[in-house]
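Below: one structure, written as structure tokens.
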Amino acid sequence: ISSCNKIKYMFPKAHAVAYVMMAVRVGYFKVHYPLEFYATFFSVRSKQYEFKTMLKGEDAITTRIEELRRKRLNRAEKIQPKEVGIFDTLNIAIEMVERGYKFGNIDIYKSDATSFTVDYERGVLIPPFIVLDGLGESAAYSVVEARKEGKFLSKEDLLSRTKLNNTNLEELDRLGVLNELGDTNQISIFEFNFDWKSL
């Protein structure tokens, strides 16, 4: 109130108070509900991601930030708008990681299409599908809808029931997201260990 009484310029006092109240709310959640705060921030404010770097942890994030910072300061080398977005995202990511929190991997059964979620059991942030380059919202939502109908039997099944393309599938596979899925729905007799002596 004392601060409001000192405001002399043409800026509504109520607007100034609203800014301060919002800052207090943001600070409160950042301190007391950090994972929820970062999940919201990355979902709402971040537009560009470099998920492989974020997943690798503090050293990888710090190295990449320094690379982008040097590129930003180097007039001979032009930084791309996408890289500016990645730089901003990584700066919040390093803050989160330095506070002791981590990113989990994408999970075909837990990841949301477009929003980061909190895995309370492991204390990590689960990224949405759209953090992968080339995986659009339509494909991301198709995975969320398809998994409601039941578990995926194989990579082939995942591909046929969703709008993912082969490139998306290969990227998810490289990240280890599809480790529990076989390539096709067919079962090979060679996968079984028969006890021939019992026959």
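The values are calculated or read from the model by the stated rules, or taken from the named source; none is laboratory data. Here the structure is a predicted model, which is why all the values come from computation and not from measurement. Counting neighbours? That spans all protein chains shown, and the Cβs are built from the backbone with ideal geometry, glycine included. What goes into the accessible areas is simple: the full protein's heavy atoms, side chains included, and nothing from ligands, DNA or RNA. Shrake-Rupley method; radii C 1.70, N 1.55, O 1.52, S 1.80 Å.
Of note:
- Heavy atoms of the protein chains alone define the surface here; on that basis the chain has 67 Å² accessible area per residue at 1.4 Å probe size.
- For the chain, the longest principal axis of the C-alpha atoms and the axis of helix 58-73 are separated by about 60°.
- Selection of chymotrypsin sites (Phe, Trp or Tyr not before Pro), the stretch 117-163, meeting DSSP coil and at most 10 other Cβ within 10 Å: Y120
- Anisotropy class of the chain from Cα gyration tensor, a/c 1.5 cut: prolate
- Stretched out straight at 0.36 nm per residue, the stretch from K56 to L73 would grow longer than its current Cα-Cα span by 3.6 nm.
- Sparsely packed loop sites in the stretch 1-99 (the chymotrypsin sites (Phe, Trp or Tyr not before Pro) outside DSSP H, G, I, E and B with at most 15 other Cβ atoms within 10 Å) comprise Y9.
- Among A60, A93, A76, the residue with the largest mean-square fluctuation in a Gaussian network model of the chain, with springs joining Cα atoms closer than 10 Å, is A76.
- Structure-based [θ]222 nm, the chain - -39500 (n - 2.57) summed over DSSP H runs of at least 4, per residue, nearest 500: -16000 deg cm²/dmol
- Distances between placed amide hydrogens fall under 5 Å for G182 paired with K155, all partners being 5 or more residues away or on another chain.
- Computed from point charges on the beta carbon alone (+1 for Lys and Arg, -1 for Asp and Glu), the dipole magnitude for the chain about its Cα centre is near 1360 Debye.
- 10 Å Cβ shell holding at most 16 others, DSSP loop, GluC sites (Glu not before Pro): longest site-free stretch of the chain: 1-76
- Folded to 0 to 90 degrees: helix 13-32 orientation relative to the chain principal axis, Cα: 40
- Cβ-derived FRET efficiency at R0 35 Å, I1 paired with R45, nearest 0.05: 0.65
- Helix 137-147 vs. the chain, principal-axis angle (Cα, 0 to 90°, nearest 10): 50
- A DSSP coil position with no more than 15 other Cβ atoms inside 10 Å describes the following trypsin sites (Lys or Arg not before Pro) in the stretch 73-134: R75, K78, R99, K110, R122.
- For the stretch 80-142, the dipole from Cβ point charges (+1 on Lys and Arg, -1 on Asp and Glu) about the Cα centre works out to 100 debye, to the nearest 20.
- Positive end of the dipole of the chain (Cβ unit charges, origin at the Cα centre): among G150, A76, S115, the Cα lying farthest that way belongs to A76.
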